[in-house]
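The structure under discussion appears below in the form of structure tokens.
The values are calculated or read from the model by the stated rules, or taken from the named source; none is laboratory data. On a predicted model such as this, the values are computed, not experimentally measured, just so you know. Every residue, glycine as well, gets a Cβ built from its backbone with ideal geometry; the counts of neighbours run over all protein chains shown. We work out accessible area using only protein heavy atoms, side chains counted, and drop any ligands, DNA or RNA first. Shrake-Rupley method; radii C 1.70, N 1.55, O 1.52, S 1.80 Å.
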Amino acid sequence: MNTFNQFFFGIYPYICLAVFFLGSLVRFDREQYSWKSDSSQLLFHGQLRLGSILMHVGILAVFFGHLFGLLTPLWFWDAIGVSHGAKQVFAMVMGGVFGVMALVGLILLILRRFKIDRINANSSWQDKLVLVWLLITLVLGLCTIFVSMGHLDGHEMVKLMHWAQHIVTFRGDAAAYLADVNFLFKLHIFMGMTFFFIFPFTRMVHVWSGFASVAYIGRAWQLVRRR
């Protein structure tokens, strides 16, 4: 069991991150014509706006919540007087709210993708895989809230924070922090890491363009002159 734990939570994260970054770079360099979101709005407009807004807002909030919640050093929370238990409760409430929002949007998009014949016929297996993978990952994440309700002292959350921070700082003992955490947390983390692994091979690469569009805020004015 220790070998599996060391591989999946000590080595596998780096495999996923390497494929995520290098795969995205190769995809952009070699297949720029495939670098797009492949919107299905022209095929069927119904449920797209509501589902897309709920899913995107919820997923982005959950993602950045995980990012800052896991990677912010513990000394920072101690310095501002936030206890581990209080931080865990806040994470549970906000994760629950935005997680349910993302879940509702995701279900609408999945029904639309699978039930509308025109969209289903024009969807690749990668499109369907991404939606189903996100759904399973999201449901597992929401299920961990019920597990966390059984221990509101924040002890389990601290282990997850130590694991994430040891991974990003390339310390080899990261997997040890997840050795005895609840299996639902491990499964949720595995699904989340694997999503980064499949990311470069799907339409999800358009997310990079979404972040890059922030550069337009500081872009110089475009001058248009009459001939």
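Taking every residue in the stretch 10-31 that is of a type in the set (Lys, Arg) and pairing it with any residue that is assigned to a helix (DSSP H, G or I), at least 6 positions away or on another chain, the pairs with Cβ-Cβ distances below 6 Å are Arg27/Pro200; Arg27/Val205.
Scanning the stretch 156-175 for residues that are touching a residue at least 40 places away in the same chain (Cβ under 8 Å), buried (at least 17 other Cβ atoms within 10 Å of the Cβ) and more than 20 Å from Gly85 (Cβ to Cβ) gives Ile167, Ala174, Ala175. Taken together, Val181, Val207 contain a single residue that is among the aliphatic types (A, V, I, L, M), closer than 29 Å to Ser83 by Cβ, open to solvent by less than 70 Å² (accessible area, probe 1.4 Å) and modelled with pLDDT under 95, which is Val181.
Residue pairs whose Cβ atoms lie under 8 Å apart, separated by 6 or more positions or on different chains, with the first residue in the stretch 110-137 and under 13 Å from Met191 (Cβ atoms) and the second basic (Lys, Arg) and open to solvent by 50 Å² or more (accessible area, probe 1.4 Å), do not occur. Here Leu129, Leu140, Leu135 are screened, and the one residue that is surrounded by fewer than 15 Cβ atoms within 10 Å (Cβ to Cβ), assigned to a helix (DSSP H, G or I) and either at negative phi or small (Gly, Ala, Ser) (or both) is Leu129. Go through the stretch 70-90 residue by residue and tally those that are surrounded by 14 or more Cβ atoms within 10 Å (Cβ to Cβ) and either within 15 Å of the chain's Cα centre (by Cα) or of a type in the set (Gly, Ala, Ser) (or both). Residues in the stretch 70-90 being surrounded by 14 or more Cβ atoms within 10 Å (Cβ to Cβ) and either within 15 Å of the chain's Cα centre (by Cα) or of a type in the set (Gly, Ala, Ser) (or both): 2 in total.
In the condition set (1) surrounded by 13 or more Cβ atoms within 10 Å (Cβ to Cβ); (2) at pLDDT 95 or above, Val93 is compliant with all but (1).
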